[in-house]
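Since the structure comes first, as C-alpha cells, the remarks are kept for the end.
The values are calculated or read from the model by the stated rules, or taken from the named source; none is laboratory data. Bear in mind the structure is a predicted one, so any value in this text is a computation, not a measurement. With ideal geometry, Cβ positions are generated from the backbone for all residues, glycine too; neighbour counts draw on all protein chains shown. SASA here: full protein model, heavy atoms, side chains in, ligands and nucleic acids out. Shrake-Rupley method; radii C 1.70, N 1.55, O 1.52, S 1.80 Å.
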Amino acid sequence: VQLVESGGGLVQAGGSLRLSCAASGHTLSSYAIGWFRQAPGKEREFVAALRRTGRSTSYADSVKGRFTMSRDNAKNTMYLQMNSLVPEDTAAYYCAADLLRGGTIRENYNYWGQGTQVTVSS
C-alpha cells in the first residue's frame, strides 16, 4: 500500500488542522493504521492508532481529548483531526499502516507516508 499525507501547514496556537492520508494499491480497511510525529532532534513518537476492526482507537496522552483519528473506507483515506493545537504539537506527521500488527509501536508498521509538516505558532 502507498500512503500520501496532506493537510499540514502553519497555524496559531488554539487553532485546528485536519491531516489526510490517502492510500492506494490496497484497501486501507484491511490494515491497522496509525499516526506518528517527529519533532526536530527527537524520536518519532506515537500519536494515534486504529485497529483493523475499527472498533478501538488509541491516543497518546499528550493529544487525548484534542486529536481524533478516523478512517473513510469509501475514500480509502484516514484522517487526523487536530484541535486546540499548542506549539509542542509542531512536528512532521506521518501516517502508517500494517497488515498484522499496528498499535502504538513504531516498529510494528511496515508502510509509511512521506510526512507532512505541522507548525504551531505561539
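Within a Cβ distance under 11 Å of residue 43, other residues only, what is the Lys/Arg minus Asp/Glu net charge?
Once all neighbours under 11 Å are counted, the net charge is +3.
Could you run the Debye sum over the Cα atoms of segment 76-122, one equal point scatterer each and no solvent, and tell me log10 of I(q)/I(0) at q = 0.18 Å⁻¹, two decimals?
With one equal scatterer per Cα and no solvent, log10 I(q)/I(0) is -0.68.
Quick check for me: using +1 on Lys/Arg Cβ and -1 on Asp/Glu Cβ, what's the dipole size of the chain about its Cα centre, in debye to the nearest 20?
With only Lys, Arg, Asp and Glu charged at Cβ, the dipole is about 320 debye.
On the full set of protein chains, 1.4 Å probe, figure out the accessible area of residue 119 and give it in Å² to the nearest 10.
Ignoring ligands and nucleic acids, residue 119 comes out at about 50 Å².
Where a ≥ b ≥ c are the square roots of the eigenvalues of the C-alpha gyration tensor, would you call segment 23-66 rounded, which needs a/c under 1.5, or, failing that, prolate if a/b is larger than b/c, or oblate?
Taking the square roots of the gyration eigenvalues as a ≥ b ≥ c, segment 23-66 is oblate.
Whenever you get a sec, line up 112, 35 from highest to lowest accessible area (probe 1.4 Å, protein heavy atoms).
Descending accessible area places them as 112, 35.
What are the ³J(HN,Hα) values, in whole Hz, obtained from phi via the Karplus relation 6.51 cos²θ - 1.76 cosθ + 1.60 with θ = phi - 60°, for each residue of segment 113-120 in sequence order, with x given for Gly and Pro?
x, 8, x, 9, 7, 10, 10, 10
List the residues, sorted by chain then number, that are 5 or more residues from residue 85 or on another chain and whose placed amide H is less than 5 Å from its amide H.
14, 15
Once the convex hull of the C-alpha atoms of the chain is built, how many Å³ does it hold per residue, rounded to a whole number?
So the per-residue hull volume is 90 Å³.
With all pairs of different alpha carbon atoms counted, what Kirkwood hydrodynamic radius in Å does segment 47-93 show?
11.6
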